[in-house]
Amino acid sequence: MSALTRRTLVKAGLLAAPASLCMPWVSSRAAAKIVMKYGNNLPLTHPLNIRAAEAAEKIKTATGGDLDIRIFPNNQLGGDTDMLNQVRSGAIDFFTPSALVIATLVPAAPINAVGFAFSGYDEVWAAMDGDLGGFIGDGIEKVGLHMMRTVWDNGFRQLTTSGKPVATPEDLAGIKIRVPVSQLSISLFQALGAAPTSMQFSEVYTALQTKVVDAQENPLPIIQTAKLYEVQKYGMLTNHIWDGYLFVASGKTWYRLPEAMRKIAEDALNEAGRKQRDDIAKLNASLQAELEGKGMIFSRPDPAPFREVLKKAGFYVQWREKFGDEAWTRLEKYVGKLG
């Protein structure tokens with residue numbers, strides 16, 4: 001049936017009932033096709049992009065082709081800072097920053113990344129699906145973005161080095177380590193005695209390869225998909241930070257969509273996020289062995305001495321003051337007292 005014929009029938013009321021069931025935003029005129037851009041910094045092979053592609057297809061089908069979300073992976077649209085600026089301006093429509101990246105706009109957003117706060121995923125998902133995640137989402141809404149309620153998993157961040165393994169905080173003394181563009185990450189590794197350097201993720205492989213930095217820290221799936229095992233020898237399962245992806249939409253374009261279309265998109269993205277969490281859990285169960293097969297050597301340092309160094313350095317007191325009691329109380333509701 002041609003678009004003209006469909007419009008004619010809808011106007012005549014002959015297709016009104018089924019059209020309203022399939023595409024509730026259709027009234028007297030068929031909706032024009034809307035193309036939206038989603039940018040991220042991960043390879044297409046990462047579970048985030050696999051599940052996002054499934055969600056995009058589901059959304060396209062459920063809207064009769066009227067909402068087409070196109071994925072631009074692997075920093076095709078720029079680094080994290082560039083994409084954050086673009087999603088704010090409406091130049092791109094969706095972006096999945098780490099809370100560490102969005103901290104420049106919402107200072108309390110990266111509270112989930114306080115060093116050695118979470119002991120495991122039970123605490124993480126209780127907090128992020130609960131009022132800590134809701135608090136972060138409210139803050140993001142206030143700066144003109146919209147956060148989908150399901151936070152996608154990046155994973156617990158692990159330490160890797162090229163020169164020597166790290167067993168105690170003393171082993172970090174003076175090590176040049178790449179961290180995200182995040183004051184929280186810089187503060188954490190400074191308190192532990194390292195020499196952190198912030199840079200975009202797109203620059204990490206080359207920086208490690210050319211020895212600009214000796215170490216980095218990322219979840220195992222990132223280490224694997226970005227092939228960091230080619231330029232790093234030792235992996236330490238420190239679980240020092242839990243990091244997630246906040247699936248955010250530009251308020252400038254998101255709220256132009258009809259409400260029913262937004263619901264279809266948000267439901268599909270939230271469902272995809274829950275599946276992606278399961279994907280990461282399965283990956284984490286197998287990736288250590290896979291990376292060992294590629295030559296990496298793993299160890300599991302005791303977190304207690306690291307946490308004690310942070311306490312003595314005043315790290316937790318400092319960041320409670322920065323995040324504020326409202327955010328900090330929500331964090332400690334799930335992880336217990338810090339500092």
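Please state the shape class of region 273-337: rounded when a/c is under 1.5, otherwise prolate if a/b exceeds b/c and oblate if not, all from the C-alpha gyration tensor. Oblate. Angle check, please: helix 131-142 long axis (alpha carbons) against the longest principal axis of the chain (alpha carbons), in degrees 0 to 90, nearest 10. On a 0 to 90 degree scale, this one is about 60. Remark: 269, 283 ranked as 283, 269, counting other beta-carbon atoms within 10 Å and listing the fewest first. Taking a straight line from the alpha carbon of residue 337, these lysines sit under 18 Å away, with near neighbours fewer than eight places off in the same chain left out: 311, 312, 322. Compared with the dominant Cα axis of the chain, that is its longest principal axis, helix 80-89 is turned about 30°.
At a 10 Å Cβ-Cβ cut-off, how would you order 300, 51, fewest neighbours first?
On the way: 300 13, 51 21.
Starting with the residue having the fewest Cβ neighbours, the order is 300, 51.
If you take the square roots of the eigenvalues of the alpha-carbon gyration tensor of region 57-129 and sort them as a ≥ b ≥ c, do you get rounded (a/c under 1.5), prolate (a/b over b/c) or oblate? Mind showing how you got there, number by number?
Working: a/c = 2.69, a/b = 1.49, b/c = 1.80.
Because a/c hits 1.5 or more and a/b fails to exceed b/c, region 57-129 counts as oblate.
One Cα centroid belongs to region 162-189, the other to region 224-262; the line between them spans 21 Å. Which of 210, 293, 147 sits closest to the plus end of the dipole of the chain, meaning its Cα is farthest towards the positive end, when Lys and Arg get +1 and Asp and Glu get -1 on the C-beta? Farthest along the dipole direction, towards plus: 147.
Here the extension length gained between residue 308 and residue 227 equals 25.9 nm, from 0.36 nm per residue of separation less the Cα-Cα distance.
What size of dipole, in debye to the nearest 20, comes out for the chain about its Cα centre when the only charges are +1 on Lys and Arg C-beta atoms and -1 on Asp and Glu C-beta atoms?
Values: 38 positive and 35 negative charges, 186 e Å.
It works out to roughly 900 debye.
Residue ranges 60-69, 218-227, 205-214, 236-245 sort as 236-245, 218-227, 60-69, 205-214 when ordered by packing (mean number of other C-beta atoms within 10 Å per residue, highest first).
Compared with the direct C-alpha span, the chain from residue 237 to residue 286 gains 16.3 nm at full extension, assuming 0.36 nm per residue. Within a straight-line Cα-Cα reach of under 14 Å, residue 333 can be paired with the following aspartates and glutamates, leaving aside sequence neighbours fewer than 8 residues apart in one chain: 122, 123, 129, 131, 325. Relative to the longest principal axis of the Cα atoms of the chain, the long axis of helix 303-312 lies at roughly 80 degrees.
For residue 294, the lysines whose Cα comes closer than 21 Å to its Cα, not counting residues fewer than 8 places off in the same chain, are 164, 211, 227, 233, 282. Assuming charge only on the beta carbon of Lys and Arg (+1) and of Asp and Glu (-1), the dipole of region 226-292 about its Cα centre is about 260 debye to the nearest 20. When both bridge partners sit in the chain, DSSP labels roughly 50% of those beta bridges antiparallel.
Of 143, 124, how do they rank once you tally other Cβ atoms within 10 Å and put the fewest first?
Working: 143 14, 124 25.
Least crowded to most crowded, the residues run 143, 124.
Taking the Cα of residue 267, stepping 7 Å toward and past its beta carbon, and measuring to each backbone N in region 44-72: which are under 12 Å? Within reach of a label on residue 267: 59, 62-63.
Bear in mind that the values in this text are calculations on the coordinates, not laboratory data. Bear in mind the structure is a predicted one, so any value in this text is a computation, not a measurement. Because the Cβ atoms are built from the backbone with ideal geometry, glycine has one as well, and the counts that use them run over all protein chains shown.
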